[in-house]
């Protein structure tokens, strides 16, 4: 009996030892670094940035992966172990974001802008940039703008200015430097128009206010302009929300039915306060929007390799656009037609345009040039306009029929 008891104890001890070895081996496998799970396109699922491993990446720049971009060409984001991010913009700016509690790597170049996270108290001069930041819910990080309250069409920004959460700091051409000195923003974003006033850039450097230029206006594809939301998603550590915003706009375009409108022609133009008529050039992003909506731009042969607008004479415009099926008048500060009579009053030739006779004169909404986050929806509106069968419909989110 005593021998049996000793034998039973020995077997039990052996089983415990074997189970312990199994458990230890299993923990070792699950805790081992995986190397990052990089996909074929060079990006991964953002999971491995050094956290949860034995290696300490504090103060080190160890490359992990690059942000995957579908359309945008004028910025990039590289992710490093430990949560560091390096943002590069085509204007030459490089911004290194340093996670909270981490050290600035010693090998950072002297021209690299270093931002310790989380970044706030920012100056945003570009209105489309503000729309992208608003779309990811980060307006609370902004305290200064160079657009006056009454010139805004984004409700959330107007509300912030009304409660003094966002302050007007003078125009981008002539900022109020006393306000800038008082607020001391750690970072600012301007549009490319700042290049026209280099003295402002020099003064910002003197005040030690680092800035970058949002170069989204240089993007040819309209959805590339929306994709700049990913840059601000990286800046504010909300990549998932930024991806949601971008994917939603892409979905609007992907789900369009353009088969019905391949033969429809459209003229797009505006008239300045001086009475000059400008049409979009053949290579402009708005022309690409029309094409994605399924239409043909009536001036597609006008400088097809250039973006922006071209000034032309009214007679030249009429000769080309007289048979266009639709007109999209681009609402601008110089010309704000409230109705069709206002539009016709701009030139006597307009009354003979086919689009006028057919009741197909539309105008963009006043907020158009302040928004980049809904350009996919704008393309959908264009498609809806072109396929509209109910003549009683006079408006979409970004287009209004002039009557």
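Overview of values
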read-out: Residue in segment 162-183 that is in a helix (DSSP H, G or I), farther than 23 Å from residue 199 by Cβ, touching a helix residue (DSSP H, G or I) at 6+ places or on another chain (Cβ under 9 Å) and assigned by TED's automatic domain parsing to the domain that holds residue 246 present; value: yes
read-out: Lone unmet requirement of (1) under 20 Å from residue 366 (Cβ atoms); (2) free of Cβ contacts under 8 Å to residues at least 12 places away in the same chain for residue 132; value: (2)
read-out: Filter result (surrounded by 21 or more Cβ atoms within 10 Å (Cβ to Cβ) and either outside the structural domain of residue 86 (by TED's automatic domain parsing) or touching a strand residue (DSSP E or B) at 6+ places or on another chain (Cβ under 9 Å) (or both)) within segment 235-248; value: 235
read-out: Residue in segment 187-199 that is surrounded by fewer than 16 Cβ atoms within 10 Å (Cβ to Cβ) and not in a helix (DSSP H, G or I) present; value: no
read-out: Residue satisfying condition, being within 19 Å of residue 403 (Cα to Cα) and in contact with a helix residue (DSSP H, G or I) (Cβ under 7 Å, 6 or more places away or on another chain), within set 345, 324, 295; value: 324
read-out: Test set (1) without any contact (Cβ under 8 Å) to a residue 24 or more places away in the chain; (2) surrounded by fewer than 18 Cβ atoms within 10 Å (Cβ to Cβ); (3) farther than 17 Å from residue 355 by Cα - residue 302 fails condition number; value: (2)
read-out: Hits in segment 36-55 - residues which are touching a helix residue (DSSP H, G or I) at 6+ places or on another chain (Cβ under 8 Å) and either modelled with pLDDT of 90 or more or loosely packed, with under 12 Cβ neighbours inside 10 Å (or both); value: 51, 55
read-out: Residues located in segment 97-114, provided they are in contact with a strand residue (DSSP E or B) (Cβ under 6 Å, 6 or more places away or on another chain) and either more than 15 Å from residue 80 (Cα to Cα) or not assigned by TED's automatic domain parsing to the domain that holds residue 87 (or both); value: 112, 113
read-out: Top-ranked residue of segment 251-263 - restricted to ones that are surrounded by 16 or more Cβ atoms within 10 Å (Cβ to Cβ) and modelled with pLDDT of 95 or more, ranked as nearest to residue 313 (Cα to Cα); value: 253
read-out: Residue tally, condition without any contact (Cβ under 8 Å) to a residue 40 or more places away in the chain and closer than 15 Å to residue 394 by Cβ, over segment 314-359; value: 2
read-out: Qualifying residue in segment 196-212 (condition: more than 14 Å from the chain's Cα centre (by Cα), free of Cβ contacts under 8 Å to residues at least 24 places away in the same chain and in the same structural domain as residue 385 (by TED's automatic domain parsing)); value: no
read-out: Residue match in segment 362-372 (condition: closer than 14 Å to residue 280 by Cβ and in a strand (DSSP E or B)); value: yes
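The values are calculated or read from the model by the stated rules, or taken from the named source; none is laboratory data. No experiment lies behind these values; they were computed from the predicted model shown. Reconstructed Cβ throughout: ideal geometry from the backbone, glycine too, with neighbour counts over all protein chains shown.
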